[in-house]
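Some notes on the structure that comes next.
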Amino acid sequence: RLWELAAEKAVGGKLLRPRLLVEIHHALSDDAESDPLPPTVLEIAALVEQIHFAFLLHDDIIDGDVLRRGTTNLIGALSTEAHPRIDEEARLHWARSSALLMGDLLLASALLGAARADLASRVRDRLLDVIDRTVTETVAGEHRDVGLADGIIPPDLETILAMTADKTAAYSFELPLRCGAILAGASEDAEAALVDIGRPLGLAYQLQDDLLSVFGEETEHGKDPRSDLREGKVTAIIAFARTTSTWPRIAPLFGSPDLQPGEEADVRDLLRACGAEAFVQQLVDEEIATARALLSTAERSGTLPPTAVDRVARLVDRVQGRRS
């Protein structure tokens, strides 16, 4: 039942990562548009999405979330399925423990799937190295995120941005771009250029996510609109707000597990008034501009072919115009 329910909850996302892998593979492969997509490419793309879902399960446990994509996540669904005579604390413990174990299974299964892929040994070894490095970076980013939220690590902006890049950019953009390039037999220079572009693009994507989590509409974003504020999640928004004279009015409410809708609206208004929203939006714009500049450099040098430049340019446009 756990496998079945996890499969149900894995469906419904944007499939950003597998789509990105397939698109860049098309763009870097000779005559790829006219040939059937190799089954192994689809397999690796699915494994990348599987890694993403495993991270989501663990992230929901850490954040205490029971909603995702506008509906109950695996934790919420499992706790609802438990017998009503069991108290809420026990039901949530069961549900979170189950999500933790399922995330472990999915990560192990993804790594095993990549190791068994029908690929030349050199290609398979490169993929495994990239996946291994990406998982390590993502875990390090999540670990730092928890340390920031719990006050273990000083919440300076530089540390927060480094955490954000490790936690999201590494596996959401760099991993699928690199895997697609490796599977297409692209040069190491092309792979390196994609990594350079993926880093600021992934950072912009996560900064947008932080903005949407606080200022966006739940109907569009699909997450609890108060979760980041209630959990005391230390983002670039909060790092900036701490430096303003408005912070003493925000601090008593920030991180309150009992934050009410009216109080949440007050905090949102204060964060806007102190300039935190505008500041982080400026950071997003700067990272997008950096990605565009790096793409132009790769185009002028011939490191990336025109087909790949076009695909990445469209990706940058999608990230820049993101609203959910």
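The phi torsions of region 145-150, fed into the Karplus equation with coefficients 6.51, -1.76 and 1.60 and a -60° offset, translate into couplings of 4, 5, x, 5, 5, 8 Hz, rounded to whole numbers, with Gly and Pro shown as x.
Think of a 1.4 Å ball rolled over the protein heavy atoms: region 1-58 then has 49 Å² of accessible area per residue. Report the relative contact order of region 174-324, percent, no decimals, based on alpha-carbon pairs under 8 angstrom and at least 6 residues apart. Here the relative contact order equals 31 percent. In terms of accessible area, using a 1.4 Å probe and ignoring ligands and nucleic acids, T297, T243 rank largest first as T243, T297. For region 208-213, the Karplus equation 6.51 cos²θ - 1.76 cosθ + 1.60, evaluated at θ = phi - 60°, returns couplings of 4, 4, 4, 5, 5, 5 Hz by residue, with Gly and Pro reported as x.
Note on exposure: L28, L105, L175 ranked by accessible area (1.4 Å probe, complete protein assembly) read L105, L28, L175, with the most exposed listed first. Basic side chains Lys and Arg get +1 at the Cβ, acidic Asp and Glu get -1 at the Cβ, and with that the dipole of region 1-147 about its Cα centre reaches some 220 debye.
3J(HN,Hα) along region 82-98: 4, 4, x, 6, 7, 5, 4, 4, 5, 5, 5, 4, 4, 5, 5, 4, 5 Hz, from the Karplus curve 6.51 cos²θ - 1.76 cosθ + 1.60 with θ = phi - 60°, whole Hz, x for Gly and Pro.
Count charges around M163 for me, please; just the other residues with Cβ under 9 Å from its Cβ, Lys/Arg as +1, Asp/Glu as -1. The answer is -1. In terms of accessible area, using a 1.4 Å probe and ignoring ligands and nucleic acids, R226, R17 rank largest first as R226, R17. Among A265, A165, A241, the residue with the largest mean-square fluctuation in a Gaussian network model of the chain, with springs joining Cα atoms closer than 10 Å, is A265. Could you check how much of the accessible area of the chain is carbon and sulfur, as a whole percent, using a 1.4 Å probe? Roughly 53 percent, rounded to a whole number. Sequence-distant contacts, meaning Cα pairs under 8 Å at least 6 residues apart, place the relative contact order of the chain at 20 percent.
Charges on Cβ only, +1 for Lys and Arg, -1 for Asp and Glu, centred on the Cα centroid of region 1-120; of L57, I24, A82, which one is farthest towards the dipole's positive end? With unit charges placed on the Cβ atoms, the residue in question is A82.
The residues of region 157-301 present an accessible area of 39 Å² per residue when probed at 1.4 Å with all protein chains retained. Of G70, G262, G151, the residue with the greatest mean-square motion in the GNM of the chain, using alpha carbon springs below 10 Å, is G262.
The values are calculated or read from the model by the stated rules, or taken from the named source; none is laboratory data. Small disclaimer: the values here were computed from a predicted structure and weren't measured. Using ideal geometry, Cβ is built from the backbone for each residue, glycine included, and neighbour counts are taken over all protein chains shown. Side chains are part of the model used for accessible areas, which takes the heavy atoms of the whole protein and leaves out ligands, DNA and RNA. Shrake-Rupley method; radii C 1.70, N 1.55, O 1.52, S 1.80 Å.
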